[in-house]
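Step one of this worksheet: look at the structure below.
The values are calculated or read from the model by the stated rules, or taken from the named source; none is laboratory data. Quick caveat, the model's predicted, so the values are computed rather than measured. Cβ coordinates were reconstructed from backbone atoms using ideal geometry, including for glycine residues, and neighbour counts include every protein chain displayed.
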C-alpha cells in the first residue's frame, strides 16, 4: 500500500435488533465499494443497533456477523471495521473487530461505557489499547463514548488515524462534531467518526454527522446529514508527516501512565 489510503465512512439506518436484515441491507449498500477502497468503517453495533436489554439475543450471532465481515472483506477487496455484541464466559462486550478476507487483524473492547444509559450495568469494559497497521498507516480504533476521554486516545507518536465508531444521538451532535475536531488537532492525526442515522428502538434519533478531519482540524469530508450515505476519502501520509515535521507538537507532550 502506498502513502495514499482510501477510507469509506458507512452511515446507515440500523434495523433494531435484527441481525440478518442489517447484514443483508449493509451488503447491498457496500456493493459499489468493490475494488474502490482500502478501509470500510461501519457504525457501533452495526448488526443490531445499540441494544442492551436484549443483548443475550444478539450475542449468539457474533460468529455469524464476524464471518459476514470477512466474507465482505474478501468480496470487496478491502479491510472492514465495526463493533458488535459478543459474550465470553457470561460477560458481554461491545467489541470492535477489524478484519480482512483471511483473518481478524485486531479486536478492541470499548473501555468507556456510557453511564447515563446504564451501559456499565450490561457490558464489561476493556483495558487494552489497540493500534493496527494497513500498509504504512498506523490506525487506532475506539468506540463512541471513548471520544469524550482525551487521555485514552492520546497520540504518543504511534498512530496516524484515529477512528471512532458510534451510535451518537442527535441531541448531542454538537459535542460529537466539536470533539472529533479537537481530537484531530491535539493528536496531530486524521480523525474519522462513523455514526448511524434514523431512529432506534428506544426512540432516540441520529443525525449521522459521519466525518473525517485532518491534523489541522480541517474537515476533509462528511456524509449528508440524516441520510444513509457512503463517503470515500483519500488520505496522504506524506502530507501528514510533513506537517508533523514542521510543527512537532509531540516533542513537547507530557508523559503519563494510564491506570
Self-check item: Residue list for segment 15-29, restricted to those being under 16 Å from residue 197 (Cβ atoms) and in contact with a helix residue (DSSP H, G or I) (Cβ under 6 Å, 6 or more places away or on another chain)
Solution: 15
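Looking only at segment 96-122, which residues are part of a helix (DSSP H, G or I), farther than 22 Å from residue 60 by Cα and in contact (Cβ under 8 Å) with a residue 12 or more places away in the chain? Lay out the reasoning, then the answer.
Within segment 96-122, the first condition is being part of a helix (DSSP H, G or I), and the residues that meet it are 115-117, 119-121.
The next check asks that each one be farther than 22 Å from residue 60 by Cα; those that pass are 115-117.
Selection gives 117 alone.
Identify, from the list 183, 196, the residue that is touching a residue at least 12 places away in the same chain (Cβ under 8 Å) and more than 13 Å from the chain's Cα centre (by Cα). Write out each step before concluding.
Details: 196 fails: more than 13 Å from the chain's Cα centre (by Cα).
Sole residue among the options that is touching a residue at least 12 places away in the same chain (Cβ under 8 Å) and more than 13 Å from the chain's Cα centre (by Cα): 183.
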Quiz item: If you take the residues of segment 17-46 that are over 19 Å from the mean Cα position of the chain (by Cα) and either modelled with pLDDT under 95 or outside any helix (DSSP H, G or I) (or both), which of them is surrounded by the most Cβ atoms within 10 Å (Cβ to Cβ)?
Solution: 17
Practice problem: Given the conditions (1) part of a helix (DSSP H, G or I); (2) surrounded by 16 or more Cβ atoms within 10 Å (Cβ to Cβ), report the number of the one that residue 93 does not fulfil. | Solution: (1)
Quiz prompt | Residue check for residue 147: assigned to a helix (DSSP H, G or I) and touching a helix residue (DSSP H, G or I) at 6+ places or on another chain (Cβ under 9 Å) | solution = yes
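Can residue 78 be described as crowded, with 16+ Cβ neighbours inside 10 Å, free of Cβ contacts under 8 Å to residues at least 40 places away in the same chain and either under 24 Å from residue 142 (Cβ atoms) or over 19 Å from the mean Cα position of the chain (by Cα) (or both)? Give the derivation first.
Working: crowded, with 16+ Cβ neighbours inside 10 Å: yes; free of Cβ contacts under 8 Å to residues at least 40 places away in the same chain: no; either under 24 Å from residue 142 (Cβ atoms) or over 19 Å from the mean Cα position of the chain (by Cα) (or both): yes.
No: the conditions fail for residue 78.
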Quiz item: Which condition does residue 181 not pass, out of (1) in contact with a strand residue (DSSP E or B) (Cβ under 8 Å, 6 or more places away or on another chain); (2) surrounded by fewer than 16 Cβ atoms within 10 Å (Cβ to Cβ); (3) farther than 22 Å from residue 46 by Cα, if it passes all the others?
Solution: (2)
Exercise. Could you figure out which of (1) surrounded by fewer than 17 Cβ atoms within 10 Å (Cβ to Cβ); (2) at positive phi; (3) modelled with pLDDT of 95 or more; (4) in contact with a helix residue (DSSP H, G or I) (Cβ under 9 Å, 6 or more places away or on another chain) isn't true of residue 203?
Key: (4)
